[in-house]
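Just so it is clear, none of the values below were taken in a lab; they were calculated from the coordinates. All values derive from a computational prediction rather than experimental measurement. Here the Cβ is made from the backbone with ideal geometry for all residues, glycine too, and neighbour counts use every protein chain on show.
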Amino acid sequence: MKILLVGEYSGLHLNLRDGLRELGHEAYIASTGDTWKNIANDISLGDQKKDLLSKFSRNMRPFMNLGKLTGYDVVQFINPLIFNPRFNINTKLIEFLIRNNNKTFFLAAGCDYLFHKSKTLNYSPCKGCKTLDYPNGCPFTSGEEMAASLFAKADGVIPIGYDYSLSHSRLANIKPYVPLPLNANKVVYRQNKSLDRVRFFHGLNRPGFKGTQYVKESFDLLTNKYAKGSEFLIDGYMPLQKYLEVMQSMNVVVDQTSAYCSGMNALFAMAMGKVVLGGSEKEANEFQYGEESPVINIRPSVTSVSEAIEYCLDNKENLSEWGARSRAFVQKHHDHIAVAAKYVQIYKGVV
């Protein structure tokens, strides 16, 4: 099959493309590179720089590349908001792609109105996102009518996790949950050794969505308490490859505080052999894996994050073993080829 993956979230489509190609399909990515992350693509939709030339390019590039975006067996959108929502551009472009390709699917991932409105979980990243990331209104949740219309016109909506399976469950064309893909062959695994210090890292991306405020306060509190045996770093807003290089030098990665399950950032860290603190609620693990995840669960509070960090410090002799479990878990449950095969089954209408 000839498959087009439109949009990018932290390497999700990049790793899925690898799996689809290894299964013998023609797979291409059309994206902006996911802002400053500069993630590789095959068809550029512009970039996310804020200068006038970049803004003009971002608005014009999709129209200039329309010929490269049609004639596919499958087109998959990472979100219903891909293009500029002003003047109805996003809706018109996506509707054009739906009409001029065979089958179309959306992922239930990141932010959209259904995830934002969902009341089925005890907590979600939306509160922090609304307050800190988009205080003047979130573009992903304001276009409810637009997103609902686009979802309905697609052949299916594929949830990437337990929380999205719940929030999107009432859609008539909802598909089975499919795990996030990770090509572990491209991620260097190293034994997790702490030497004289245990190094903790939290990546900056969308602070409200990720719960950075809780992590920062926890890091500040524990820096003095464990000054001799630990090191804490918060950094980000850099290209993905550079970001992964920074992560490689750490022992423990503190991921999202407000998620029930793990995202791509956690998978990259686990494949490296890092211990991850993040979304790992019991019901999410049972739904997705049928077993416990090695991710140490944290919730949106300074106390929760601090207790998890101190647990790692009190058991630092286990970091190497935990890191090895992380790598094995990703290889078992998130192998990019096995995940791509699940997508192909959905594309073909098998499930």
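For the reader, a short list of remarks on this structure follows.
- C-alpha long axis of helix 89-99 to longest principal axis of the chain, angle in °: 70
- Descending Cα extents along the principal axes, the range 185-333, whole Å: 39, 33, 29
- Placing +1 on each Lys and Arg Cβ and -1 on each Asp and Glu Cβ, with no other charges, gives the chain a dipole about its Cα centre of roughly 740 debye.
- Among the listed pairs 186/332; 68/342; 2/186; 68/103; 2/92, those beyond 20 Å (Cα-Cα): 68/342; 2/186; 2/92
- Computed over the chain with a Gaussian network model linking Cα atoms closer than 10 Å, the most mobile of 280, 304, 293 is 304.
- Size descriptor for the chain, Kirkwood hydrodynamic radius: 20.7 Å (Cα pairs only, one decimal).
- Debye log10 I(q)/I(0) for the range 1-77, one point scatterer per Cα, at q = 0.28 Å⁻¹: -1.31
- Checking every one of the trypsin sites (Lys or Arg not before Pro) in the range 1-98 against DSSP loop status and a limit of 11 other Cβ atoms within 10 Å picks out 50.
- Sites matching GluC sites (Glu not before Pro) across the range 263-351 that sit in DSSP coil, with at most 16 neighbouring C-beta atoms within 10 Å: 291, 292
- For chymotrypsin sites (Phe, Trp or Tyr not before Pro), the sites in the range 236-302 that DSSP calls loop and that have at most 11 other Cβ atoms within 10 Å are 237.
- Most fluctuating residue given options 246, 75, 198, as computed from a GNM of the chain linking Cα atoms under 10 Å: 246
- Spin-label pair residue 177/residue 190, simplified geometry with 7 Å Cα→Cβ offset, distance in nm: 3.3
- Rh (Kirkwood; distinct C-alpha pairs) - the range 168-208, Å: 15.5
- Choice from 88, 59, 297 showing the highest fluctuation, given a GNM over the chain with Cα pairs closer than 10 Å: 88
- Proximal lysines relative to residue 316, as straight alpha-carbon distance under 21 Å, when same-chain residues fewer than 8 apart are discounted: 193, 225, 228, 274
- Amide H to amide H distances under 5 Å link residue 6 with 30, 76, 77, 78, where only residues 5 or more positions off or on other chains count and H is placed in the peptide plane.
- Computed as a quarter of the hull surface, the mean projected area of the alpha carbon convex hull for the range 109-229 stands at 10.8 nm².
- In terms of packing, defined here as the mean over residues of other Cβ atoms within 10 angstrom, the peptides 8-15, 171-178 line up highest first as 8-15, 171-178.
- Cα-based helix-to-principal-axis angle, 52-64 vs the chain, degrees rounded to 10: 50
- Nearest 10 degrees, 0 to 90: helix 319-333 Cα axis against the chain principal axis: 20
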